[in-house]
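What follows is a short report on a single structure.
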Amino acid sequence: MRITEQQPGVSKRYIDPDSVTKRMDGRKVINTVFRSLFFMATLVALLVLGILFYRILSQGLGFLSAEFFQNFASRIPEKAGIKAALVGSLWLMAVVAPVSMFLGIGTAIYLEEYAKKNRINDLIRMNISNLAGVPSVVFGLLGLTIFVRALALGNSILAAGFTMSLLILPVIIVAAQEAIRAVPQDVREASYGMGATKWQTIVRVVLPSAIPGILTGSILALSRAVGETAPLIVIGVPVIIHFLPTGVTDTFTALPMQIYDWAKRPQADFQQVASAGIIVLMAFLLFMNSIAVLIRNKFQKRY
Amino acid sequence: MVQLMNRTETEAVVSPPEAPVREAAKPVVYDTKQLNLWYGSHHALKNIDLPIRENEVTAIIGPSGCGKSTYIKTLNRMVELVDGVRTSGEILYRGRNIFDAKYSVEELRTRVGMVFQKPNPFPKSIYDNIAYGPRIHGIKNKKILDEIVEQSLRGAAIWDEVKDRLNTNAYSLSGGQQQRICIARALAIEPDVILMDEPTSALDPISTLKVEELVQELKENYSIIIVTHNMQQAARISDKTAFFLNGEVIEFDHTDKIFQNPADQRTEDYISGRFG
């Protein structure tokens, strides 16, 4: 019995093995072409990043010294330091982290666990995702209107912290919502089935599983707040400050503000000081992101 | 209108609730009266009347989509987790209507444990899984919790298999063991009734047998309602069987009566494998 022969009860063959073999080479070539294309795209991104790193490190490392961390801003490049900006950024985080995480995680829990699935809530969900795409300058203007002027907080840490919190809130909400949604429904049902209230179920079943995802998302959002400049400029955060803030109502300056100021100065030496500042900022961000990675690895998915 | 039409239809075929009994009838635990349930516009349960008695195993059988899972989930109001569910009629649990506004679902579910189709232990230790129920109900004493955990695991016939590794994650157990952990977890809240929604459908034959044996032992102390689409299982383990079809109870009687001498032609067709 030859295979090509039409047998009664055997279905008709539509694929001709010869033409499949003939086309095989062409298909493989196309595959190779696209693979190289995508590899080159990756290479471009890596190359740009490499050049950036090289320039900043070669320019800035010379200025990175103990004095750089101990000095305030100065007109003389050699005496310029990042102390006020670094401490200011830490203060900013001290406001942004609790405010944005409390509001963000709370909103996510409400939307995912308590809110009914109706049209209004769908609209809210959709708009939160859209808010994440609003330019940071717009949030700066919002902060200027509400916190700086209406609530008369001035250009304080509090005003800037609230503004930054609003800016990263959508990102935290979306990340927390996704983490909460990833918790399987059947363990919730197991909990409800034993007479647990919604709150007990959230605290004992949902959050323990969702917390790694929530924290990872929150930390990545916070590191965005550390690097953000535009809202601070709009709020009117000063650049040159010769004291450290003592409380959240004091004014302050932050790392990206300081870098922005140095980078726009005409003296060539200040370009190098700016690079040193960028190194500090990048180290700050890398540190935060590696905490996020650590958390993610430590609590591996258990489902 | 719908209700009226269905009513006449069901009354013609459902055998009277007080079917001939050979022994003194046990008290009714769950009395379902004219229960209707809709998912949106889909009428999923139609005029259900079903008295379920104490210390018996009541099996609910029927083809896929007949409403048997919906019904068992209505008994502890778990069905309300689905959006757009409406009900009418009443379900009396120990004489109280569970749909009563004053009856909290938490209270009901404390008295009525549930075992689900897919084993769903928490990603916690075996100990914490069993202690979950007692803890949410406020028991903090470590010694009491220890005793509850041991008693529940023994009750679910899994104590000997796990007593040396109570602190390992319940996910490290096999599917059959996980399901018995889930049964132990349901026992830990000291329920009155245990609802089982196809508890063996995800298990291998040996684990299935263990769970079936367990059900036989448990009925000494609990009233058990079990949904199954395995008819042999219903025949093996249950005292009463209800046959559901298209959201209606076609027949409800003693299991041997249903399987040997069904009153309704549709029950006979289903049991003899002619459809479903």
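Derivation of every value follows stated rules applied to the coordinates shown; laboratory data play no part. Remember, predicted model here, so these are calculated numbers, not experimental data. Using ideal geometry, Cβ is built from the backbone for each residue, glycine included, and neighbour counts are taken over all protein chains shown.
When the distances between all Cα atoms of region B:2-271 are binned every 5 Å from zero, what whole-number percent does each bin get?
P(r) for region B:2-271, in whole percents per bin: 1, 6, 13, 17, 18, 16, 13, 8, 5, 2, 1, 0.
Between residue B:33 and residue B:169, 0.36 nm times their residue separation minus their Cα-Cα distance comes to what? Don't skip to the end; give the middle numbers.
Values: separation 136, 0.36 × 136 = 48.96 nm, distance 4.26 nm.
Using 0.36 nm per residue and subtracting the Cα-Cα distance, I get 44.7 nm.
Of B:68/B:257; B:102/B:140; A:198/B:118; B:102/B:210; A:198/B:240, which pairs sit farther than 30 Å apart, going by alpha carbon to alpha carbon?
In this structure, B:102/B:210; A:198/B:240 exceed 30 Å between Cα atoms.
Please identify every one of the GluC sites (Glu not before Pro) in region A:1-103 that sits in a loop by DSSP and has no more than 13 other beta carbons within 10 Å of its own beta carbon.
On the way: sites: A:5, A:67, A:78; in loops: A:5.
Counting only loop positions with at most 13 other Cβ atoms within 10 Å, the GluC sites (Glu not before Pro) in region A:1-103 are A:5.
Please determine, in degrees from 0 to 90 and to the nearest 10, the orientation of helix B:142-155 with respect to the longest principal axis defined by the Cα atoms of chain B, where the helix direction is its Cα long axis.
50
Enumerate the lysines that residue A:264 could reach by cross-link, defined here as Cα to Cα under 30 Å, with residues fewer than 8 away along the same chain left out.
Candidates past the 8-residue exclusion: A:79, A:83.
Which peptide among B:61-72, B:200-211 comes first, and what is the full order, when sorted by highest mean count of other Cβ atoms within 10 Å?
Details: B:61-72: 21.2, B:200-211: 16.5.
The densest-packed peptide leads the list: B:61-72, B:200-211.
For peptide B:185-197, compute the average count of partner chain beta-carbon atoms within 10 Å of each residue's beta-carbon. Working shown, then result.
Working: counts 3, 3, 0, 1, 4, 0, 3, 0, 0, 0, 1, 0, 2.
Partner-chain Cβ atoms within 10 Å, mean over residues of B:185-197: 1.
So how far, in whole Å, is the C-alpha centre of region A:176-248 from the one of region B:119-160?
If we compute the Cα centre of each part, the gap is 31 Å.
If you take each beta carbon of peptide A:180-187 and count the beta carbons of other chains within 10 angstrom, what is the mean? Intermediate values should be presented prior to the final figure.
Values: counts 0, 0, 0, 1, 3, 2, 6, 6.
Other-chain Cβ atoms within 10 Å of each residue's Cβ, averaged: 2.
Would you look at the GNM of chain A, springs on alpha carbons closer than 10 Å, and say which of A:274, A:179, A:115 moves the most?
Result for chain A, Cα springs under 10 Å: A:115 fluctuates most.
Please compute one quarter of the surface area of the Cα convex hull for region A:83-298 and express it in square nanometres.
Details: hull surface 55.1 nm².
One quarter of the hull surface, i.e. the mean projection, equals 13.8 nm².
What helices does chain A have that are whole DSSP H segments, at least 24 Å long along their own axis by Cα, and with mean Kyte-Doolittle hydropathy of 1.0 or more? Walk me through the numbers before you get to the answer.
Values: long enough: A:17-60 (64 Å, 0.71); A:83-109 (38 Å, 1.73); A:157-181 (34 Å, 1.79); A:207-227 (30 Å, 1.25); A:268-298 (45 Å, 1.26).
Those that pass (Cα extent of 24 Å or more, hydropathy at least 1.0) are A:83-109, A:157-181, A:207-227, A:268-298.
Summarise the long-distance tail of P(r) for the protein assembly as shown by giving the % of C-alpha pairs beyond 43 Å. Walk me through the numbers before you get to the answer.
Numbers: 77168 of 167331 pairs.
Counting every Cα pair in the protein assembly as shown, those more than 43 Å apart make up 46 percent.
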